[in-house]
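Q: Sharing a structure here in structure tokens format.
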Amino acid sequence: MLNSTLTNPSQMSLAFGDLSDVGYLYSVIALLGFLLIIVCNSTVISTVLLHKSLQEPMYIFICALCANDLYGSSAFYPSVFTNLSLKTRSISYTACLIQVFCIYTYAAYESTILAIMAFDRYVCICNPLRYSTIMTLSTTCKLLLSAWGYCFALITVHVALTARLPLCDNVIPKIYCDNWTVVRLSCVDTMVNNVYGLFMTVCVITAMPLLSLISYIEILKVCAKSKEARAKAMQTCAPQIISLLIFFTDCVFEIMLYRFVPSMVPYGIRVVMSVNLFVLPPIVNPILYGLKMKAIKEKIRLIFNRKFSQQPKKFLFFENDTVT
């Protein structure tokens, strides 16, 4: 029987590799990327919240998506910035589990919100006369809260199953913690974790994109008879489809890379592929919805125009003087 006195390491070692040699440069890049994400997502969120005309289901879902991107980025960038700037390669075990929880809830909620947004577009395009009665503000809030509760419950169980495992090593082969890299360090059988991890992957990474795909297929069927309707539907759904494709691709890379072909891929490419989930969606989403959605774009332009128009005008001292 396994010795019951086994304890987990207090510190986990992260695989920053050659990144630490130019840590200050990469820390600046991480900081600038985080600031860009904060500015872009905060702009979209504040625009929706400040304008009553935008407080409709579609824009509220966009607001929730951007807020989730801020949440996920906050779980990743500060830790990476600290390690790079201080040239450390470790994180406490408790902080590692907290990061796992935050990253996984971010990913699960992102996938669920995208599925809800696809359903919203399905109702709007396929049942336009009933849209206002189906997608009320109350229904919108209930969907978002239910989605968060669903993701919170799934990930809480996932992390709790990991936290109970005794670890025999402390080396994480990535620059941040994820559940699989912690579980693989366990001294005991991890069958329960593996089964639940597969179940969670099906619930989040498979089921949600599949529901989104079904919604978009139904939309295309309804709009297939009219070229004008098809063009309008694609214009409306294009940002969401792009967001879904980016997110799903990043998740597939994240799941597959370190499980099956880590030694076949150079270290630099592995790092880039593993951080895409925290780089592309948080930057691309607010740009897509801020620039492609006409209503949001106009309100953002209005906010900036109003801000600059309120700046005091500077005149030359002698502008109103007369020459005698």
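The values are calculated or read from the model by the stated rules, or taken from the named source; none is laboratory data. Being a predicted model, the structure only gives us computed values, none of them experimental. Don't worry about glycine lacking a Cβ; one is built from the backbone with ideal geometry, like all the others, and counts go over all protein chains shown. Areas reflect the complete protein model, heavy atoms only, side chains present, ligands, DNA and RNA absent. Shrake-Rupley method; radii C 1.70, N 1.55, O 1.52, S 1.80 Å.
Q: Roughly what angle does helix 294-309 make with the longest principal axis of the chain, taking Cα atoms, 0 to 90 degrees, to the nearest 10?
A: Relative to the chain, helix 294-309 is tipped by roughly 70 degrees.
Q: Determine the alpha carbon to alpha carbon distance for each of Lys52/Lys297; Lys232/Lys294; Lys52/Lys299; Lys232/Lys292; Lys142/Lys294; Lys221/Lys297 and list only those over 18 Å.
A: Details: Lys52/Lys297 15 Å; Lys232/Lys294 13 Å; Lys52/Lys299 11 Å; Lys232/Lys292 13 Å; Lys142/Lys294 27 Å; Lys221/Lys297 29 Å.
With Cα atoms farther than 18 Å apart: Lys142/Lys294; Lys221/Lys297.
Q: Sticking with the crude label model, points 7 Å out along Cα→Cβ, report the distance from Lys52 to Phe199 in nm, one decimal please.
A: 4.7
Q: Any idea how far the Cα center of region 178-198 sits from the one of region 200-245, in Å?
A: Here the answer is 34 Å between Cα centres.
Q: Let me ask something else. How high is the FRET efficiency from Leu280 to Glu228, r the C-beta distance, R0 25 Å, rounded to 0.05?
A: Working: r = 32 Å, r/R0 = 1.29.
The value I calculate is 0.20.
Q: Related question: Under a Cβ-Cβ limit of 4.7 Å, which cysteines in the chain have nobody to pair with?
A: Result for the chain is Cys40, Cys63, Cys66, Cys102, Cys124, Cys126, Cys141, Cys151, Cys203, Cys223, Cys237, Cys251, no neighbouring Cys Cβ within the cutoff.
Q: Oh, and also: Stick to Cα atoms and the Kirkwood definition of Rh, then tell me Rg/Rh for the chain.
A: 1.07
Q: Suppose all protein chains stay in the model; what accessible area per residue would a 1.4 Å probe give for the chain, in Å²?
A: Per residue, the chain has an accessible area of 54 Å².
Q: Related question: Relative to the present Cα-Cα distance, how much length would full extension add between Ile29 and Leu245 at 0.36 nm per residue of separation?
A: 75.2 nm
Q: On full extension of the chain, what length is gained from Leu137 through Val188, given 0.36 nm per residue of separation minus the C-alpha to C-alpha distance?
A: Roughly 13.5 nm would be gained on extension.
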